[in-house]
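Q: Got a structure here, written out as structure tokens. Questions coming.
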Amino acid sequence: MANRKTSTEFTSLVAEDPEEREQTVATYGERGNQTVVRKSNELIQNAMYSLTLSQQKLMLHIFAMIKPSDTELPRYEMSIYEFLKLCGVDPHNGSMYNQVKKNISDIANTPVQWIRIEGTQKITMFRWIDGTTIDKRTGKITLTLSPFLKPHLIQLKEFYTTMDVTYIMLMKSQYSVRIYELCKSYQNLYLQNKAKGKPLVWDIDNLRKQVDCTATNWAHIRRTVLDKAKSEINGHTDIIFDYEVYKKAKSKVIEIAVKIEPVAQSEAAQNLTDIASTITKRKKRKVHMPVEDECFDEDSSVMSLGYVSSPETTIPYSFGQKPAELKEEIKVRAEMDRLKTELTAPELEAVHVVINTMANMAGKARGKNTLIDGGDQQFFELMNEIIYECKGLRRWFLGIANRYAKVVIPTAKAKTSPVLYLWKSILEDMDNYQLYTSGAAGEPHPQSTSDDAVYEANFVEADHEEEAGSTLVPQDANTKKSMLQALRRFIDEKELDEKLTSGQKEAYEDILHLCVYFCRRNIKSKDEGMMDGKANMQFLGSLNKCILKYGALTPLLEALAITYDYDTYWKKVNRDDSIRNPKLLFQSEIENSLLMPFSVIENQKAKEQKANPQEFTTDWLSVFDND
């Protein structure tokens, strides 16, 4: 892609290019109700990219705004409110314009890699969005797609797929959307092969790239990608998807045979009606959908939205400057009336202490912490993530109440800076909220699982499927044996045995036992505030993040074993006279690595590719900063 112009030049190009003026403008008001998407099979099957669930749905809605009669890619115009709604973003979660910039930047800076298998092995890379303009005066946003997309979206005559975007609106897994697209694009080929008695075979490694799944563990791929897609596609769309293992190499699954059967037209139409009915029903019962109320904040060109407080609503950053009001908002999310019946008196008192600490510290700048609209960015991001994922804060408070009553608060009282100690503990426990919101105490209220419950935006991200036993829990650390068994639940040792050399296997065994040690060890300066029984919450939280992202600990242990290969590591360390205690150095390096699992894994991937991933940067987004 050619180098971008400066932001000033980019602005003038948008305003003055005569071809740009003649380009069709597709407004959301005129075309927002169009739901049929037409994409070339090549775009669906060969393009590899990493978009979240909400971003995928946003792009599909934009593609649906293209008419069959269009001869050029139109410019897409919509209000900022419409854009945020399509992104599934809560407009209260900080400044509206900051959110718009962030979402556009995320999509614009996501490269699409295109590998052409036939003929040459050329690799083409492009981006979805070619340019964007925001008009603060009118509150409108205009998007221009990459010209590379034109032959794959405009005037399609053959080898393309037609699908109704309505079918994917209620899907909650990013993988389900991609699997559905792939199924639709391969459906004709499947039916042709079926008539000839041949299977339609998908290569697992290629499928992982197509759906952007980093996990290599078959159990994880089966559960979170394929089975999840089956549950969200079958009975809810116009096809029936199924699969079975087709080819294996020892214990590794190499290929699957897929089935993509059409459903009766009447059933497909009924599914569309059911989805539309569910969405309409949710909208009617919605309590936290923002409503434009024509009020303004300090910048008169920025429209603000009405705010309604409820347990499921995220809290605006501006409450950081209003401790008394923030305290009441947190109590609403905690559902205090219910907590009073579920907690003991000491536990309830501990909850009040935590709420007071949260409210009093949320608007104070400390160190490198950033304030947004007067609120601590880290705090509000963590708190609002819990509210969004758990439909409030009640489950989190249920999970932490006993530990704070018995351990954290008594420990804080002995500190020279008890409030700072409490604050740090609260941030850590919010960051690791999954540890406290699973299990019996963390079961959602029965009403929250109903279709008639509080409205959620059409586009919600729930890329990680929570299951019982799907993460490490504090009880795993009761003994060394139980901790070791818990870790091995998330490690494919057969896979490691096939991949690792003898020196790497020796390193793996020692690293695994160090994992046990660190998950049960009390780190200096953390004291009991970081402990739950014998479990070190910092390390459990770090490993759980790895499990939630990759579905297992195998990638982390493999990367560490290769990095600290005993055939090479100790020779190198022992030759360095400046290292007085090699064993202590090894232990320290493993400790740091366990707290940065993503960095370890991605660094190893980069080494295997013998090159660092290419960094893509653009400067056109800086046009937003020239206000």
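All of the numbers you see were taken from the coordinates with simple rules; none came from a lab. Note that this is a predicted model, so its numbers are computed, not measured. Glycine also receives a Cβ, built like all others from the backbone with ideal geometry; neighbour counts cover every protein chain displayed.
Q: Which entries in the list K39/K252; K331/K364; K209/K534 go over 30 Å, if you measure between the two C-alpha atoms of each?
A: K39/K252; K209/K534
Q: Report, in debye and to the nearest 20, how large the dipole of the range 374-418 comes out about its Cα centre when Lys and Arg carry +1 and Asp and Glu carry -1 on their Cβ.
A: 400
Q: Roughly speaking, what is the stretch gain from H352 to I123, that is 0.36 nm per residue apart minus the C-alpha to C-alpha distance, in nm to one decimal?
A: Value of the extension gain: 76.7 nm.
Q: I'd like the Karplus ³J(HN,Hα) series for the range 592-603: coefficients 6.51, -1.76, 1.60, θ = phi - 60°, whole numbers in Hz, and an x wherever there's a Gly or Pro.
A: The phi angles translate into 5, 5, 5, 8, 10, x, 5, 4, 4, 5, 5, 5 Hz.
Q: Placing +1 on the Cβ of each Lys and Arg and -1 on the Cβ of each Asp and Glu in the range 311-449, which of Y421, A324, T314 has its Cα farthest towards the positive end of the resulting dipole?
A: Of Y421, A324, T314, it is Y421.
Q: Then there's this: Work out from phi, with θ = phi - 60° and the Karplus expression 6.51 cos²θ - 1.76 cosθ + 1.60, the ³J(HN,Hα) of each residue of the range 51-57, listed in order in whole Hz, and give x for Gly and Pro.
A: Computed from phi, the couplings for the range 51-57 are 10, 6, 4, 5, 5, 4, 5 Hz.
Q: Residue separation times 0.36 nm, minus the C-alpha to C-alpha distance between K607 and N193: what's the value?
A: Result for the pair: 145.0 nm of gain on full extension.
Q: On to the next question. Would you mind working out the magnitude of the charge dipole of the range 170-285 relative to its Cα centre, with +1 at each Lys and Arg C-beta and -1 at each Asp and Glu C-beta, to the nearest 20 Debye?
A: It works out to roughly 360 debye.
Q: Can you tell me how much longer the chain between R580 and Q34 gets when fully stretched, taken as 0.36 nm per residue apart minus their C-alpha distance, in nm with one decimal?
A: Stretched out fully, the R580 to Q34 stretch lengthens by 189.6 nm.
Q: Once label points are set 7 Å from the Cα along Cα→Cβ at both K252 and K481, what is their separation, rounded to one decimal in nm?
A: 3.5
Q: To continue, here is another question. Using the Cα centre as the reference, give the magnitude of the dipole from point charges on the C-beta atoms of the range 476-595 (Lys, Arg: +1; Asp, Glu: -1; all else neutral), rounded to the nearest 20 debye.
A: 340
Q: What does the charge count near E267 come to, summing +1 for each Lys or Arg and -1 for each Asp or Glu among other residues with Cβ under 12 Å from its Cβ?
A: Every neighbour counted, the sum reads -3.
Q: Using the Karplus curve 6.51 cos²θ - 1.76 cosθ + 1.60 with θ = phi - 60°, work out ³J(HN,Hα) for each residue of the range 321-336 in order, rounded to whole Hz, and write x for Gly and Pro.
A: Working through the residues one at a time gives 8, 10, x, 5, 5, 4, 4, 5, 5, 5, 5, 4, 5, 7, 6, 4 Hz.
Q: So, one more: State the answer as a single residue: which of P555, N574, A477 lies farthest towards the positive end of the charge dipole of the range 476-595, with beta carbon charges of +1 for Lys and Arg and -1 for Asp and Glu, about the Cα centre.
A: A477
Q: Sticking with this one: Would you be so kind as to identify which of L226, L182, V201 lies farthest towards the positive end of the dipole of the range 170-285, taking Lys and Arg as +1 and Asp and Glu as -1 on Cβ and the Cα centre as origin?
A: Final value for the positive-end residue is L226.
Q: Return the long-range amide H neighbours of V263 (sequence gap of 5 or more, or a different chain), with a cut-off of under 5 Å between placed amide H atoms.
A: Those lying under 5 Å, H to H, from V263 are I239, I240.
Q: Still on this structure, please answer the following. Non-local amide H neighbours of I372 (under 5 Å, H modeled in plane, Pro and chain starts lacking H): which ones?
A: Amide H to amide H, under 5 Å and 5 or more residues apart or across chains, I372 pairs with Q377.
Q: Something else: For a quick check: with amide H placed at 1.01 Å from N, whose amide H comes under 5 Å from A26's, ignoring anything fewer than 5 positions away on the same chain?
A: Distant-sequence amide H within range of A26: R75, Y76, E77.
Q: Could you work out the relative contact order of the range 170-285, using alpha carbon pairs under 8 angstrom and six or more residues apart, expressed as a whole percent?
A: The value is 29 percent.
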